[in-house]
Amino acid sequence: MRISGIGVGRGVAVGAVLRMAEPIAAPLDLPRVEDASAEASRARTALAATATELAARAALTDGDARDVLEAQSLFAQDPTLIDDVAARIEAGRCAERAVYDAFAACRASLEALGGHLAERAADLDDVARRTVARLTGAEMPVVPASDEPFVLVAHDLAPADTAALDLDKVLAIVTVAGSPTSHTAILARQRRLPAIVGAAGCRDLADGDLVVVDAPAGLVVSEPSRAELDGALARCGTVDATEATAAETPAAPRAGALADGTPVPLLANLADPAEAAGAVALGAEGVGLLRTEFLYLDHRSAPSVAVQTAHYTEAFRPFAGRRVEVRVLDTGADKQLAFLSHRHEENPALGRRGLRALREHEGVLRDQLAALVAARDAAGVELAVMAPMVADADETEYFVRVARAAGVVQVGITVEVPSSAVLADQLAPLVDFVSLGTNDLTQYTLAADRMLGTVAAYQDPWHPAVLRLARLVGEATGAAGIPLGVCGEAAGDPLLAVVLVGLGATELSMTPALLAEVRAELARHTLPEARELARAALGARSAAEARAVVEQSVAARR
């Protein structure tokens, strides 16, 4: 049996399956609670215990794993969520159901925002489940114990579970749900653990089944033939010493470049000023995407220019003298952002998000641009500002006009909507740079919600349709003589990064922990070789085939 999913990492593993128990079910909607005060106290106590547990787990790890677990602990202590739980209890809900519903509502809000914040939505589920389990006395599913190494199969894995995996025992992860941009997938990649996410067919796997997990191919093979088994065993642990050393080096001594010296600056994706210093330590040459939504969530009015300036200056200072690319506020139709008059929309991913919302509230946009320019002057960075979710030339010209009036010198757009990729030859001459947002571009091109596990198999930026759109953008920016960056998670996939450079990308931005491995892979290929690999991928019929043909071409050359 061959089960397809989305591969995370580049490893191959062979082992017997051990399954993790299914997630706990949603709590029953019990009869109306009479003693609301006692019930609210129960909920607060359970949330506090969950926060303490997650904080303790965070203290046992480091890097991105610690950041994710600490963020989960803060979710359990969030005053807005706690107040929402209390209000639901006051309305007659039991503590279990109130917690479940409050976290579900918060999850929907984050998903509506899209981008990095939407990727945190799944983390909320784990906090809610742990709290509900405490309230009901149910056992949380745990990673099974084993004396022998095994392949872990689960519906999904919480970041807390992924961070605590025993790498001497867990050979690989296979999950029914999940996406390649989830925190769990990112942590698996950083721990160099082969993983397949969005593999719905793995529901049929049973404890003890022998499987091959081929992350580069996005494939799980159950009951492999002798030839398949021998081939997989030959590939297990074949990451070469150069790559391993580079991936473990905390700060690379050289700038990103191809083997022939073609420069490819490697930049960091950041979502919070606190991440900036760590990114520099990991070798980031600048910032390719600073998300600014952290400043706006849960505010009834937009932060003042002074408050924004202080936060942006903090984020900029570690990059003094370097380039910092900032994306202006990118929100969906989320009710928490009252100052953008967000209303309920049936499909917020296709609604008033990104530049569409800002254009209706130009004062918010102008204040943000003023704060960014002030922070630029205070920190001494090369500031570049881009607009999210741009669809056409009219929107591009609007943003360029407003940004230049505010004093921004480098003005760009993100290409996340297929229309902007198709019209790239019209848009590129209007701006100073373009950034390719592969996460959203993939979901819109394949009509597959990036947060919906049932269509996770479509969330693969290796898909030839996505690559062909990237080629259009690369050709247009090349003709216009402007930089093309990639700021989606695709830039952190080492071989896909090479392909993207072959399609015209001139800089790559990613989670900082992935910088060293991408730097090492780029150094193995010349620009003509990158273009050759890109041509091979473009001719494929599926994401799996594109990945496989590039893998084979690289293997044949080595």
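The values are calculated or read from the model by the stated rules, or taken from the named source; none is laboratory data. Given the structure is predicted, the values throughout are model-derived calculations rather than measurements. Every residue, glycine as well, gets a Cβ built from its backbone with ideal geometry; the counts of neighbours run over all protein chains shown. Side chains are part of the model used for accessible areas, which takes the heavy atoms of the whole protein and leaves out ligands, DNA and RNA. Shrake-Rupley method; radii C 1.70, N 1.55, O 1.52, S 1.80 Å.
Here are some notes:
Per-residue answers, yes or no, for (1) aliphatic (A, V, I, L, M); (2) at pLDDT 85 or above:
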{"residue": "Pro31", "(1), (2)": "no, no"}
{"residue": "Glu34", "(1), (2)": "no, no"}
{"residue": "Ser37", "(1), (2)": "no, yes"}
{"residue": "Ala48", "(1), (2)": "yes, yes"}
{"residue": "Ala71", "(1), (2)": "yes, no"}
{"residue": "Gln77", "(1), (2)": "no, yes"}
{"residue": "Asp84", "(1), (2)": "no, yes"}
{"residue": "Gly115", "(1), (2)": "no, no"}
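- Hey, Leu165 in contact with a strand residue (DSSP E or B) (Cβ under 8 Å, 6 or more places away or on another chain), surrounded by fewer than 20 Cβ atoms within 10 Å (Cβ to Cβ), within 30 Å of Thr52 (Cβ to Cβ) and modelled with pLDDT under 85 or not: yes
- As for region 499-518, it holds no residue that is surrounded by fewer than 20 Cβ atoms within 10 Å (Cβ to Cβ), out of contact with any strand residue (DSSP E or B) (no Cβ under 9 Å at 6 or more places or on another chain) and over 19 Å from Asn439 (Cβ atoms).
- Restricting region 287-306 to residues that are buried (at least 18 other Cβ atoms within 10 Å of the Cβ) and modelled with pLDDT of 85 or more leaves a set whose member that is farthest from Val381 (Cα to Cα) is Pro303.
- For Gly178, the conditions (1) assigned to a helix (DSSP H, G or I); (2) within 16 Å of Val68 (Cβ to Cβ) all hold with the exception of (1).
- The one condition in (1) modelled with pLDDT under 95; (2) more than 21 Å from Glu489 (Cα to Cα) that Gln426 fails to fulfil: (1)
- Verdict on Glu90 being over 30 Å from Arg189 (Cα atoms), open to solvent by 30 Å² or more (accessible area, probe 1.4 Å) and not small (Gly, Ala, Ser): yes
- Hey, Glu96 among the acidic types (Asp, Glu), part of a helix (DSSP H, G or I) and within 15 Å of Asp126 (Cβ to Cβ) or not: no
- Extreme residue, farthest from Leu469 (Cα to Cα), among residues of region 393-415 that are buried (at least 22 other Cβ atoms within 10 Å of the Cβ) and touching a residue at least 40 places away in the same chain (Cβ under 8 Å): Phe399
- Within the set Ala375, Ala428, Ala370, Ala421, the sole residue that is open to solvent by less than 20 Å² (accessible area, probe 1.4 Å), over 30 Å from Leu496 (Cα atoms) and assigned to a helix (DSSP H, G or I) turns out to be Ala375.
- Filtering Pro23, Pro27 for residues that are within 26 Å of Ser146 (Cβ to Cβ), in contact (Cβ under 8 Å) with a residue 12 or more places away in the chain, surrounded by fewer than 23 Cβ atoms within 10 Å (Cβ to Cβ) and not aliphatic (A, V, I, L, M) leaves a single hit, Pro23.
- Number of the exception - Glu314 against (1) assigned to a helix (DSSP H, G or I); (2) modelled with pLDDT of 95 or more: (2)
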